[in-house]
1. Select the strands (runs of 3 or more DSSP E) contained entirely in the chain, then report the ones holding at least 2 residues which are aliphatic (A, V, I, L, M).
2. Select from the range 11-31 the residues that are open to solvent by 70 Å² or more (accessible area, probe 1.4 Å) and touching a residue at least 12 places away in the same chain (Cβ under 8 Å) and list them in ascending order.
3. If M1 satisfies every condition in (1) touching a Leu at 6+ places or on another chain (Cβ under 8 Å); (2) touching a residue at least 60 places away in the same chain (Cβ under 8 Å) but one, which is the exception?
4. Condition check: open to solvent by less than 40 Å² (accessible area, probe 1.4 Å) and of a type in the set (A, V, I, L, M). Does L62 satisfy that?
Amino acid sequence: MRLQLALNVPNLDESIDFYSKLFNTQPYKVKPGYANWEIEQPPLKLVVFENADAEPGSINHLGVETSSAEEVEIGRAHV
């Protein structure tokens, strides 16, 4: 289980360069206007969306990534 943090960025290429250096790893997936990293430590799925109209670095969305629906049900049972 890991936190998912999705950010709006004004320039995808600059953001890929910055976050790749910050976390010392290349993106797991890159598509037009989109990139994501599956970072081991800290356990994080970082997603960036190129959006020239949004405030740079503003949060697009937050989530929790799980490997199964069962993990979601276990989490719900503890809320």
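1. Values: elements: 2-9, 29-31, 34-39, 44-50, 59-65.
The strands (runs of 3 or more DSSP E) meeting that bar are 2-9, 34-39, 44-50, 59-65.
2. So in the range 11-31, the residues open to solvent by 70 Å² or more (accessible area, probe 1.4 Å) come out as 13-14, 17-18, 21-22, 24, 26, 28-31.
Passing the criteria: only V30.
3. Answer for M1: the failing condition is (1).
4. no
The values are calculated or read from the model by the stated rules, or taken from the named source; none is laboratory data. This structure is a prediction, so every number in the text was calculated from the model and none was measured. Quick reminder, even Gly has a Cβ in these numbers, built from the backbone with ideal geometry, and neighbours come from all protein chains shown. Just the protein is used for accessible areas: all its heavy atoms, side chains included, with ligands, DNA and RNA removed. Shrake-Rupley method; radii C 1.70, N 1.55, O 1.52, S 1.80 Å.
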